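Following: one structure in structure tokens, then a few remarks.
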Amino acid sequence: MAKLTRRSLLRNSFGLVAAGTLARPYIANAAATTAAVWWTQGSAEEEDISFKKIVAEYEKASGNTIDYSIMPYAPLRQKIVSAVTSGLAPDLFQNNPAEIIALYAWQDKLVDVSDVVETQREEYTETALLTVRCYNNVEKKRSTYGVPYTVGASMNHIWRPLVEKAGYQMSDIPKTWDAFYDFFKEVQKKLRAQGMRHVYGLGFQLATIGGDSNLRANDFLIAYGGRDIVTKDGKLHLDDPQVREAAIKMLTYPTTSYKEGFVPPGAINWNDFDDNNAFHAKQIVMDIEGSLSTEVAIIKNQQDYNDIVVMGLALSNDGKPVPAQQGSLCGLIPKGAKNVAVAKEFIKYAVQPKVLNEYLKAGLGRWMLPIPELVKSDPFWMKEDPHRTAYTQQTLLGPTMPFYEVFNPAMAQVNSEHPFSVAEFDVINNGMAPQTAIDKAFKRVEEIFAKYPIAQT
């Protein structure tokens with residue numbers, strides 16, 4: 001059951017968060033009113049305290065009340081979907097799961113927040129802005145339906161002591177894609193030879209649930225040259241030979257690694273945080289994760305925290321940089337919200353560069369600030385911690401692209417059905433050839449896309 005943290009807890013913890021008030025923006029003098037906000041629980045307590053601090057400062061400056069609930073990721077995901085379906089949603093919530101911004105925009109269920117984003121448009125990354133610009137099938141055009149406040153991208157998280165115990169140095173890790181992951185197979189072999197029978201080299205998510213398995217499939221698809229499976233115009237390109245070849249390779253490498261025993265057997269059932277747990281237990285030498293949640297969760301154990309090395313994505317097999325899909329947590333306001341004006345005012349307050357920077361820093365840097373110029377000038381992000389330095393380089397300063405559902409919400413339904421993860425299951429458990437499994441997956445993807453025609457805008 002979700003554990004709700006409401007405004008009453010703010011009163012109890014006000015002494016923890018009252019200090020250090022930031023310079024405040026202009027806030028309209030209107031009659032005091034209340035907005036209901038649902039927020040995702042952080043990986044560390046500091047994230048939740050940081051959110052409460054913003055609420056307290058906004059309430060003091062505006063005279064309005066934010067009636068908030070903080071809930072764990074999975075229960076909140078279910079609650080949001082149920083609430084929007086029933087028409088009983090709060091005034092503001094996050095895109096949890098990430099793809100709902102594209103689906104709800106398509107269905108005309110979100111308030112256009114272009115006016116809010118416009119206040120910080122010049123500060124945001126181009127990818128962050130693309131991430132919230134979605135197609136509305138009722139109005140037959142694109143507009144801005146979310147207010148970005150974080151960005152994140154896939155990173156490699158590696159236990160340095162396990163690499164060294166196997167007789168290697170971090171500098172030995174190859175730079176190109178397949179060679180990079182092949183290296184950890186050799187690490188596993190060396191560790192097994194020393195009696196570590198329960199350690200695995202690779203932490204690939206291969207389940208047909210959650211969001212991480214979709215993200216990992218995209219990482220491999222893009223690395224193998226299949227970036228244009230869906231293009232900015234919303235069109236699907238499964239007939240492109242390069243896309244099909246990349247999809248077959250995307251399916252072959254992880255499933256072969258699993259069948260060869262380099263991925264834990266339980267990975268076919270992992271939900272989104274199970275790979276983190278396996279990594280923390282040192283069951284896997286490396287993991288791929290889209291934030292610093294792996295590190296933040298154990299930051300109080302400085303020995304383990306410092307033993308983890310964060311590295312960006314490897315180069316493609318032909319030595320070219322691989323663009324990372326840059327996702328964004330953002331604030332959404334549902335149509336039918338009782339207090340749209342207050343919801344907009346609160347999220348506008350929260351995404352001011354200085355306010356947002358302090359919020360994410362107080363949350364230990366788990367998520368990246370979507371404002372490059374501020375990150376470059378703040379030592380917290382670029383100099384003080386090697387994990388954040390690597391994360392900044394990959395997520396904000398390296399090549400990035402949006403998630404495919406931004407181009408066409410059909411991809412959101414594709415993600416919910418996990419056809420590529422089902423293809424992995426077919427290869428692993430049913431002995432299906434990768435080419436056959438991909439053809440089966442492609443057929444289902446085509447059926448889904450036929451339901452989402454995008455007008456040219």
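So here's what we get for this one:
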quantity	calculated
Structure-based [θ]222 nm, the chain - -39500 (n - 2.57) summed over DSSP H runs of at least 4, per residue, nearest 500	-13000 deg cm²/dmol
Stokes-Einstein D (µm²/s) once Rh is taken as the Kirkwood radius of the stretch 236-297 over alpha-carbon pairs, at 4 °C in 1.567 mPa s	95 µm²/s
With every protein chain in place, the stretch 216-306: carbon and sulfur % of accessible area (1.4 Å)	48 percent
The stretch 92-230 - percent relative contact order, Cα under 8 Å, separation 6 or more	16 percent
Coil-residue trypsin sites (Lys or Arg not before Pro) of the stretch 155-231, DSSP, other Cβ within 10 Å capped at 10	175, 197
Accessible area expressed per residue, the chain, with surrounding protein chains retained (probe 1.4 Å, Å²)	40 Å²
Exposed GluC sites (Glu not before Pro) absent: longest stretch of the chain, with sites in DSSP loops and at most 16 other Cβ within 10 Å deemed exposed	1-138
Phi to ³J(HN,Hα) by Karplus 6.51 cos²θ - 1.76 cosθ + 1.60 over the stretch 130-139, Hz, x for Gly, Pro	5, 4, 9, 9, 10, 8, 9, 6, 7, 8
Fraction of accessible area attributable to carbon and sulfur, the stretch 129-200 (%, probe 1.4 Å)	49 percent
Long-range amide H partners of residue 324 with built H, under 5 Å	400, 401
Gain upon complete extension [residue 192, residue 307; 0.36 nm per residue less C-alpha separation]	39.4 nm
Paramagnetic reach from residue 245 (point 7 Å along Cα→Cβ, amide N under 20 Å) across the stretch 308-334	315-323
Fraction of beta bridges assigned by DSSP in the chain that are antiparallel (%, nearest 5)	60 percent
Efficiency of FRET between residue 269 and residue 433 - r from beta-carbon atoms, R0 22 angstrom, step 0.05	0.40
Distance in nm between pseudo-label sites at residue 88 and residue 283 (7 Å out along the Cβ direction from Cα)	3.7 nm
Amide H contacts of residue 34 (H built 1.01 Å from N, under 5 Å, at least 5 apart or other chain)	65
Difference of contour (0.36 nm per residue) and Cα-Cα distance, residue 376 to residue 318	17.9 nm
Under Karplus coefficients 6.51, -1.76 and 1.60, residue-wise ³J(HN,Hα) of the stretch 159-165 in Hz, glycine/proline x	7, 4, x, 6, 4, 5, 5
DSSP H segments from the chain that extend 24 Å or more along their own axis, Cα-based, with Kyte-Doolittle mean of -1.0 or above	45-62, 177-193, 241-259
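The values are calculated or read from the model by the stated rules, or taken from the named source; none is laboratory data. Just so we're clear, the structure is a prediction, and the values are computed from it rather than from any experiment. Ideal geometry is used to build each Cβ from the backbone, glycine not excepted, and the neighbour counts take in all protein chains shown. When the accessible area is computed, the model is the full protein with side chains, heavy atoms only, and any ligands, DNA or RNA have been set aside. Shrake-Rupley method; radii C 1.70, N 1.55, O 1.52, S 1.80 Å.
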